[in-house]
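Structure, as structure tokens:
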Amino acid sequence: MNTTLINEEVADKGLLANQDLYKDIFHQNSGTEYAEAVKLAQERVSNFLKNNRKPFSGIRPEEIKTKVEAVDFESPLHDYESLLDEVDELYVNHATAYHLPEYIAHLNCPVVIPALAAEVLISAINSSQDTYDQSAGGTFMERKLIDWTSEQIGYTKGDGIFTAGGSQSNLMGLLLARDYYSLEYQKWNIKLNGLPADASKFRVFVSDKAHFSNHKNAWILGLGEQAIVHVGVDQRYRMDPEQLEKAITQEIEKGNIPIAITATAGTTDFGNVDPLKAIATIAGRHNLWLHVDAAYGCGLLLTDQHRHLLNGIELADSVTIDYHKSFFQPISSSAFIVKNKLHLNIIKHHADYLNPKEQNYEALPAQINKSIIQSTRRFDALKLWCTLRYMGKERLGQFTDTIIETTQKTAVYLEADENFELLCHSDMGVLVFRYLDGPAESNSCEVNQYIKEKLFFSGEVLVASTKVNGKFYLKFTIFNPLTTLNDIKNILNLIKQNGDEYHRLN
């Protein structure tokens, strides 16, 4: 008998004899085990929904840290029941329940069920979106969703890519702004030659309330945080165009080089939209790249009633979109969109084993050509695909309308209550306010800090906080269309009760 055939037969018998070794790999013979594991995980999710009556367990860091550190990775568990019991104890039982109305803290949305169904497919099939041969249908589905988003923005020749989040998208916006300026006006190729000699003079203009990622991204790109110029804001904490114009003029007079403006559509602290049309006019006058960070405000694209707040976004050179915020998608699901698809050529890099130069990318596209830091990349676009195909844009837009209406009613209620001071109204769903502890307000920062911490460790209510002009404020982020004004009144009553308790103790 052929020696090769004998060796193959022996190897096959060895594989069958050791099949338990491979039973946990997802393959054609492990469907039963997969179904069992997913069923048990699904039971935990159902229990999470059924059993949670408050958004947080209130567990202290030292307690959960001790539990986690006690786990021994050298002693694996031998059944899924034990495994998921441990996960319950360490994670699920203390996970923040974003779907409850008492969670009113950060930009974490409740998620829609079609997207959760998509997650099952995404994780199991495990496609990578970098090249067509790794995700054939996924490549074109993602591209269609990017085209759809571009159309919603108002672009006719737009393009883009799904990203891990808004910070990455903002990084891409600043990178293109930097490299485009250098190529167009200095005839210098940063990709090939590194930063030009005068890169330390590059300046990017953002409002005082812009996202912190602008600073980190300037550092990552070698410009340093010195490149970020803060522009003053109006009474609703939106970038002031007059102060922007003045800031640009001052930087030019100093001998610095303005290259870009980042406007914000939906500030993290106030939920307000910068005056995009006026800012775009200034950007055009000075030949500056305009990037709009619409990570939060992108939900306004879904609603006819409030879409006008984004007027001017179509004039931007690039836009950040976070579907995992205002489109109610599970993390992560974001995108970076450019007005002129040719600008993405700036970041294209070829590897012979992945996307060789000679490949016809019209016939055989490669999404990796549009990505800067993700080669292997999940098919997160499937979540949005399932959502739009099952629910449609209009229903998602109704969620945004409801949130804005609830926020407006809450603002009126806060203004009418002498125990609270509201800083300003919101275009979307963020309200910054504080509990007032008497006419003197001698310790208003301390009492509001006490309220926030007490609520957090009771687990009853999770609110956020921020500082404005050095003073501590509470912050509501109304991001759940199921949250009602009555829910918010109950939260405000708890805030008052804890404020009264602070006075009794002090």
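The values are calculated or read from the model by the stated rules, or taken from the named source; none is laboratory data. As the structure is a prediction and not an experimental result, all values here were calculated from the model. Every residue, glycine among them, receives a Cβ derived from its backbone with ideal geometry; neighbour counts consider all protein chains shown. Note: areas computed on protein heavy atoms with side chains; ligands, DNA, RNA excluded. Shrake-Rupley method; radii C 1.70, N 1.55, O 1.52, S 1.80 Å.
Taking one equal scatterer on every alpha-carbon of region 214-266, how large is log10 of I(q)/I(0) by Debye at q = 0.12, 0.20, 0.24, 0.29 1/Å? With one equal scatterer per Cα and no solvent, log10 I(q)/I(0) is -0.30, -0.79, -1.04, -1.20. Counting charges near Glu119 (Lys, Arg +1; Asp, Glu -1) among other residues having Cβ under 10 Å from its Cβ returns a value of +1.
Of the trypsin sites (Lys or Arg not before Pro) found in region 160-224, those that fall in a DSSP loop while having at most 16 other beta-carbon atoms within 10 Å are Lys187. Express the carbon and sulfur contribution to the solvent-accessible surface of region 400-440 as a percent, rounded to the nearest whole number, probe 1.4 angstrom. That share works out to 48 percent. Cα centroid separation, region 46-94 to region 144-201: 42 Å. Count Lys and Arg as plus one, Asp and Glu as minus one, and take only other residues whose Cβ is under 10 Å from that of Phe327; the net charge is then +2.
Annotation note: chymotrypsin sites (Phe, Trp or Tyr not before Pro) in region 409-506 located in DSSP loop regions with a Cβ neighbour count of at most 14 within 10 Å are absent.
Note on the chain: helix-only mean residue ellipticity at 222 nm, from DSSP H runs of 4+ residues weighted -39500 (n - 2.57) and normalised by residue number, equals -13500 deg cm²/dmol. FRET efficiency for the pair Asp85 and Gln359, taken as 1/(1 + (r/R0)^6) with r the Cβ-Cβ distance and R0 = 60 Å, rounds to 0.75.
Where the alpha-carbon atoms of region 16-132 are placed on the principal axes, they occupy 52, 40, 29 Å, in descending order. In terms of overall dimensions, the C-alpha atoms belonging to the chain reach 97, 64, 42 Å along their principal axes, ordered largest to smallest. Count Lys and Arg as plus one, Asp and Glu as minus one, and take only other residues whose Cβ is under 9 Å from that of Val447; the net charge is then -1.
Using alpha carbons only, the radius of gyration of region 357-468 set against its Kirkwood radius gives Rg/Rh = 1.22. For region 126-267, the Kirkwood hydrodynamic radius comes to 17.1 Å, computed from all pairs of different C-alpha atoms.
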